[in-house]
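Just below is one structure, and these are the notes that go with it.
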C-alpha cells in the first residue's frame, strides 16, 4: 500500500526547495534521503559514491546545488576542515542538533560531543559584549596522546 502521508522531513525539504525556485524532484528528495540516512560526516565524493551505490543517478552539479540549498536553510551543516575539505552532516539529529566536533588529526575520525555549559559560556560572553548570537561554530582538532592513535577510521 502506498504511504499517503508524506514524511515530515520531505514536506520541509519540498518547502525549502520551492523557496529557492527549485522543484522537489525525485532526485532531490533521494539526495535528502541519502544525506539523512546516516549520522556520518561525508564529503561530496563519498556522498556521490553512496548515491551511485544505491542506484541513484544524479549529476555532480545537481548534488552541489542541492547541498548548497540544504546548507543555506540549515537542513545540513557544512564542516570546514583545516585542509580545506568540506564534510556535511544532516541536522536531523536524534539526540540534540546543537553539538560540537573534535577531529583526530592522526586518523581523521570526527567525534561529536555536547556539553550544555559551552552554550552558557557563549551566551554569557555575547551578553557581556552586547551581541545577539545568530550562529555558532565550534570545532576542535588535536592529535592522539603519545602519537598512538587507537581510533578506527570508518
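Table for the structure above
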| quantity | calculated |
| --- | --- |
| Lone unmet requirement of (1) at pLDDT below 90; (2) in contact with a strand residue (DSSP E or B) (Cβ under 8 Å, 6 or more places away or on another chain); (3) assigned to a helix (DSSP H, G or I) for residue 70 | (1) |
| Tabulated pairs, segment 48-72, first not assigned by TED's automatic domain parsing to the domain that holds residue 135, second in a loop (DSSP other than H, G, I, E, B), C-beta under 6 angstrom, 6+ apart or interchain | 51/58; 69/20 |
| Among the residues listed as 22, 76, 35, the single one being surrounded by fewer than 16 Cβ atoms within 10 Å (Cβ to Cβ) and in contact (Cβ under 8 Å) with a residue 24 or more places away in the chain | 22 |
| Condition met for residue 151 (touching a helix residue (DSSP H, G or I) at 6+ places or on another chain (Cβ under 8 Å), within 24 Å of residue 46 (Cα to Cα) and modelled with pLDDT under 90) | no |
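The values are calculated or read from the model by the stated rules, or taken from the named source; none is laboratory data. The model shown is predicted, which means the values in this text are computed figures rather than measured ones. Counting neighbours? That spans all protein chains shown, and the Cβs are built from the backbone with ideal geometry, glycine included.
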